[in-house]
Amino acid sequence: MRSTTTRKAETAAAVKTAAPWMAVPAKMNAAVLYGSEDLRVEQIDVPALSADEVLIRVLLALTDGTDLKVWKRGYHAKMIQPPAVFGHEMVGEIAAVGKRVDPRWQVGMRVVAANSAPCLRCFHCRRGQENLCEDLLFNNGAYAEYMRIPSRIATENMLEVPHSVDDASAALAEPLACVLRGIHEMELRAGDTAAVIGCGPIGLKFVRMLSRRGVRVIALARRTQALEIAKRLGAIATINVNETADIVAAVKALTEDQRGPDAVVEAAGNPVTWKQALDMVRRGGVVNFFSGLPSGTQVEIEPAAIHYSEIKLISPFHHTPRFFRDALEAIRRGDISAHDFVTEEIRLADLPQAFERMQARSGQIKLAVRP
């Protein structure tokens with residue numbers, strides 16, 4: 001096994017040095033997950049690079065629901081095994097590049113890098129289902145001063161950020177890519193009606209992007225603040241589920257002839273809301289089970305109702321390079337902005353306490369972390 005000294009010497013030989021104003025230190029502050037609800041901000045080595053990798057100085061990272069779940073569980077089977085630096089929604093500037101990296105990537109460029117990249121060779125990749133890649137490469141580490149970008153992500157899923165786009169909005173590209181792929185799979189038309197159950201960050205992105213496509217959106221949530229944001233983002237009607245006796249009937253009452261919406265997006269992550277989504281969609285409609293449920297969860301459904309009403313069930317997972325590019329372009333156009341999602345900016349040192357607050361659902365939508 002190579003020694004740490006040898007590894008660092010090889011890295012130095014393989015990496016183009018940064019400009020003097022962006023000298024890369026040996027150590028950095030990072031949020032390291034050790035287990036369930038055990039997050040520590042500490043000093044660790046700056047990641048060493050191979051000749052085909054890129055080092056990013058993180059300008060800003062965003063919290064999200066997936067990271068909250070990882071923090072609660074202490075791991076993610078596919079994405080992260082502790083102890084490890086985590087976080088995946090970020091924007092940064094290139095601090096160093098390996099000597100075999102594509103010359104279009106230069107030190108100082110502001111970029112967003114997705115949290116994964118497909119192999120482009122396996123069965124699913126060849127069928128255009130890169131999100132199901134048999135060798136999908138995940139990358140975490142955004143809650144740190146520096147983040148290593150593996151070669152495959154730098155090649156397939158890293159983009160330069162336009163000058164007109166602010167840091168926080170650029171960092172929305174990864175979750176927005178997942179939403180855009182989910183909308184694509186729903187095959188809706190302008191004038192259709194969609195109900196969005198759950199107005200967290202993901203649900204609100206669905207509200208915004210569906211309404212931008214001319215879809216009439218009915219937003220459902222538990223908190224008044226979230227529903228007010230949904231209205232601002234384009235929802236034509238909102239329903240506070242805590243104040244509504246018959247939620248399904250209330251949604252149907254807002255649709256033509258009370259048939260039910262053409263589509264339902266379930267973004268709350270609850271077996272009860274999965275069932276409600278099936279009950280409220282119209283015949284011939286589509287239900288997008290966007291939120292995942294824990295392994296082993298069971299939801300009772302009526303197969304005959306699905307079959308004879310010809311309801312289409314989809315459950316889109318993750319994103320692909322196409323939709324990551326579409327997401328940054330949508331941000332550049334102004335279709336979506338961090339102004340509507342980021343409620344507070346915090347220091348990296350405050351992140352462990354921030355997850356405690358997020359768990360308590362104290363009103364935050366997304367937090368911006370400045371390493």
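The values are calculated or read from the model by the stated rules, or taken from the named source; none is laboratory data. None of the values given here were measured: they were computed from a predicted structure. Methodologically, a virtual Cβ is constructed for each residue, glycine included, from the backbone with ideal geometry; neighbour enumeration extends over all protein chains shown.
Residue count for region 294-336 satisfying the condition of being under 25 Å from the mean Cα position of the chain (by Cα), within 24 Å of V217 (Cα to Cα), not aromatic (F, W, Y) and not in a strand (DSSP E or B): 15.
Looking at region 340-360, which of its residues are over 27 Å from I44 (Cβ atoms) and in contact (Cβ under 8 Å) with a residue 12 or more places away in the chain? Walk me through it before giving the result.
Filtering region 340-360 for residues over 27 Å from I44 (Cβ atoms) gives 340-341, 343, 360.
Across region 340-360, the qualifying residues are D340, F341, T343.
None of E185, E160, E156, E174 is of a type in the set (D, E), modelled with pLDDT of 95 or more and more than 30 Å from V54 (Cα to Cα) except E185.
List the number of the failed condition for G260; all other conditions in (1) touching a Ser or Thr at 6+ places or on another chain (Cβ under 7 Å); (2) on the phi > 0 side of the Ramachandran plot hold. The number of the failed condition is (1).
Scanning region 164-182 for residues that are in a loop (DSSP other than H, G, I, E, B) and either within 13 Å of the chain's Cα centre (by Cα) or free of Cβ contacts under 8 Å to residues at least 24 places away in the same chain (or both) returns A171, L172.
Kindly establish whether E185 is of a type in the set (D, E) and free of Cβ contacts under 8 Å to residues at least 12 places away in the same chain. So E185 fails the test. List every residue pair whose Cβ atoms lie under 8 Å apart, where the two residues are 6 or more positions apart in sequence or sit on different chains, the first residue falls within region 99-127 and is on the phi > 0 side of the Ramachandran plot, and the second residue, located anywhere, is exposed (fewer than 12 other Cβ atoms within 10 Å of the Cβ). Here the result reads G108/A19, each pair linking region 99-127 to a residue that is exposed (fewer than 12 other Cβ atoms within 10 Å of the Cβ).
Considering region 159-174, the residues that are surrounded by fewer than 23 Cβ atoms within 10 Å (Cβ to Cβ) and touching a strand residue (DSSP E or B) at 6+ places or on another chain (Cβ under 7 Å) include one that is farthest from G203 (Cα to Cα), namely E160.
Listed here are the residues, each with its yes/no results for (1) touching a Phe, Trp or Tyr at 6+ places or on another chain (Cβ under 9 Å); (2) modelled with pLDDT of 95 or more.
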residue	(1), (2)
W21	no, no
M28	yes, yes
S50	no, yes
L68	yes, no
W71	yes, no
K78	yes, no
V85	yes, yes
M90	yes, yes
E93	no, yes
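Table: residues versus (1) among the acidic types (D, E); (2) closer than 20 Å to M186 by Cβ.
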site	(1), (2)
S309	no, yes
E329	yes, yes
R332	no, no
F341	no, no
R347	no, no
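Residues that are among the charged types (D, E, K, R) and assigned to a helix (DSSP H, G or I) within region 264-275 comprise just one, K275.
Yes/no matrix, rows are residues, columns are (1) free of Cβ contacts under 8 Å to residues at least 12 places away in the same chain; (2) of a type in the set (G, A, S):
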site: G214; (1), (2): no, yes
site: D257; (1), (2): yes, no
site: G260; (1), (2): no, yes
site: V264; (1), (2): no, no
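Any idea which residue in region 175-189 is surrounded by the most Cβ atoms within 10 Å (Cβ to Cβ), counting only those that are more than 24 Å from A338 (Cα to Cα) and charged (D, E, K, R)? Checking each candidate, the answer is E185.
State whether one or more residues within region 359-369 are loosely packed, with under 15 Cβ neighbours inside 10 Å, outside the structural domain of L233 (by TED's automatic domain parsing) and either of a type in the set (A, V, I, L, M, F, W, C) or assigned to a helix (DSSP H, G or I) (or both).
Here is the first cut: in region 359-369, the residues loosely packed, with under 15 Cβ neighbours inside 10 Å are 359-363.
Next, only the ones that are outside the structural domain of L233 (by TED's automatic domain parsing) stay: 359-363.
In the following step, the residues that additionally are either of a type in the set (A, V, I, L, M, F, W, C) or assigned to a helix (DSSP H, G or I) (or both) were identified as 359-360.
Yes, the conditions are met somewhere in region 359-369.
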